[in-house]
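Comments concern the structure below.
Nothing in this text is a laboratory measurement; each read-out follows from the coordinates by a stated rule. This structure is a prediction, so every number in the text was calculated from the model and none was measured. Positions of Cβ are backbone-derived with ideal geometry, glycine not excepted, and every protein chain shown enters the neighbour counts.
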C-alpha cells in the first residue's frame, strides 16, 4: 500500500425527494482511500452503504459534491466517459452472481472484454482460473456449479480487465462460512498480487476485521 489517493470524495450528497420528504442516502461524505488499501464499509440496512458504492463506481450520480479518481473529477464526466471509466478502472462484485446461464465459466469471465471488442490476455486468464480454483471448471455452465464456485466466476469476471479498484457489495452474502472465508482470502491475495484497491460492504464483523480500515455508515454519514 502507498500514500497515493486513488479515490476521494468531497461533500458528497445523494438525496432522494425534496423538502420535508427528502431522504439523504449519502450526507456530506468526505472520504479518501489510498491505492492498495482494503477498506470495509459497515452499517445497518438502509444506512447508505450501497448508495456510496454505486456513486464511487458511477452506477449512480450524486446530487452534489465531487468524486475524484486518480485526481480526475468523475462527477463532471458525461455518460460515455463514465462508461469508459467503469470499463477500464472498476471491477464490480455483487451479492447476486449475475452470470449468463448459456455461457460457460470461461465465456462468462471474458464477457466484459468481448463486449468491449477486446481480446483476453490468455496468460492472465489462466492465472485467474488457477487463483479462483476454476481451472478444471472452465467449460462448465453456471447451473453445474456450487454457489461458491459461481461467486468465484463473478470475481474472475470482475478482474479480467485488470481494474485498479474493486467495489464489492456483500460478496459473501449468499455463501456459507467456509466459502465466505475462501472468497475473502482470494480477494486479499488478488489485491496484494495485482496492486489493487478494495472497498467492500459487509455485515460480517469477522470479514470487516481483516480490512486495513473499517468505515461505519449511519444515516448517510461516515465515521471511522
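General remarks:
- Label separation (residue 136 vs residue 118): 3.2 nm, computed from points 7 Å beyond Cα along the C-beta direction.
- Mean separation of Cα pairs under 8 Å and 6 or more residues apart, divided by the residue count, gives segment 1-104 a relative contact order of 28 percent.
- Look at the alpha carbon pairs under 8 Å that are at least 6 residues apart: their mean separation over the length of the chain gives a relative contact order of 30 percent.
- Nearest-ten-degree value, helix 147-159 long axis tilted from longest Cα axis of the chain: 70
- The chain - mean residue ellipticity at 222 nm from DSSP helices (-39,500 (n - 2.57) per run, n ≥ 4, rounded to 500): -10000 deg cm²/dmol
- Exposure proxy ranking, count of Cβ atoms within 10 Å, fewest first, for 102, 33, 221: 102, 221, 33
- Using the Cα coordinates of the chain, the gyration tensor eigenvalues translate into equivalent-ellipsoid semi-axes of 29, 19, 17 Å, sorted from longest to shortest.
- 0 to 90° range, to nearest 10: angle between helix 79-89 axis and the chain longest Cα axis: 50
- Between segment 1-56 and segment 168-224, the Cα center-to-center distance that results, in Å: 15
- Helix 105-115 axis, angle to the chain major axis (alpha carbon atoms, nearest 10°): 50
- Calculated P(r) of segment 118-182 - Cα pairs past 13 Å, %: 66
- Taking 7 Å steps out from each Cα toward its Cβ at residue 143 and residue 84 produces label points 4.1 nm apart.
- Over segment 1-123: Kirkwood hydrodynamic radius from C-alpha pairwise inverse distances, Å: 16.5
- Between the beta carbons of residue 63 and residue 107, assuming R0 = 45 Å, the FRET efficiency works out to 0.70 to the nearest 0.05.
- Maximal additional length on extending the residue 181-residue 209 stretch stands at 8.8 nm, based on 0.36 nm per residue less the C-alpha distance.
- Antiparallel content of DSSP bridges confined to the chain, in %, to 5: 50
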